[in-house]
Amino acid sequence: GARLGLVAVDDEVARPHSLGREAPLGAGGEPGAAAAEQGGVLDLVGDLAGLVFLAGIVWAIVRRYVQRPYRIRIKSKPEHAAILGTFFAVGVTGFGAEMFRIALEDTPDYEKWSFIGYPLATLVDGMSVSNLETWHQWMWILHVASFVAFLALLPLTMLRHIFTSPMNMYLKDKD
């Protein structure tokens, strides 16, 4: 659920400025009310989905590697660490890219809907534009690279069951 929400509202894909177009502007050069509200709702949903996603990943890491109940400990494989680490990297770099993007835009008021990204952006608000651009670019590259790593893990790990289980259920004999 949270992963689907994140894909649907990923800032760099859903935003008009990502495609070289500007959002409709209202008086004073700020985004128009409708554009700002739509972007705000997407930011809110994206940050909420990202928070739920990262909370689930951290919970799974703590459960598997800190609490270590017997029934999980005996089934743990190295691929589980790779999967959880990759998912964690996707979430953290997503918030990092959002943080530097918002800081690059001078933390505008309409970004306050990003209840994770906006406060993080205020932490780096004093950095030079050059540094912000570099950090944003690297966070975005790492975000994409971690997603590509996830795609590479799909056919090689237990994640392949995302595809094989529904196919097996569909193709099994109906007798």
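The values are calculated or read from the model by the stated rules, or taken from the named source; none is laboratory data. Keep in mind the model is a prediction, meaning the values are calculated, not measured. Positions of Cβ are backbone-derived with ideal geometry, glycine not excepted, and every protein chain shown enters the neighbour counts. Each accessible area value is taken on the protein alone, full model and side chains, heavy atoms only, with ligands, DNA and RNA left out. Shrake-Rupley method; radii C 1.70, N 1.55, O 1.52, S 1.80 Å.
Taken over the stretch 146-159, the criterion of being assigned to a helix (DSSP H, G or I) and either surrounded by 14 or more Cβ atoms within 10 Å (Cβ to Cβ) or among the β-branched types (Val, Ile, Thr) (or both) is satisfied by Ser146, Phe147, Val148, Ala149, Phe150, Leu153, Leu159.
Assess whether Glu79 counts as being closer than 27 Å to Gly46 by Cα and touching a helix residue (DSSP H, G or I) at 6+ places or on another chain (Cβ under 9 Å). Judged against the criteria, Glu79 is not a match. Here the condition is being touching a residue at least 60 places away in the same chain (Cβ under 8 Å) and open to solvent by 40 Å² or more (accessible area, probe 1.4 Å); of Trp59, Trp140, it holds for Trp140 alone.
One residue stands out among those in the stretch 112-137 that are free of Cβ contacts under 8 Å to residues at least 24 places away in the same chain and not in a helix (DSSP H, G or I): the one that is most open to solvent (accessible area, probe 1.4 Å), which is Gly126. Looking at the stretch 96-106, is at least one residue part of a helix (DSSP H, G or I) and open to solvent by 50 Å² or more (accessible area, probe 1.4 Å)? Yes, because at least one residue in the stretch 96-106 is part of a helix (DSSP H, G or I) and open to solvent by 50 Å² or more (accessible area, probe 1.4 Å).
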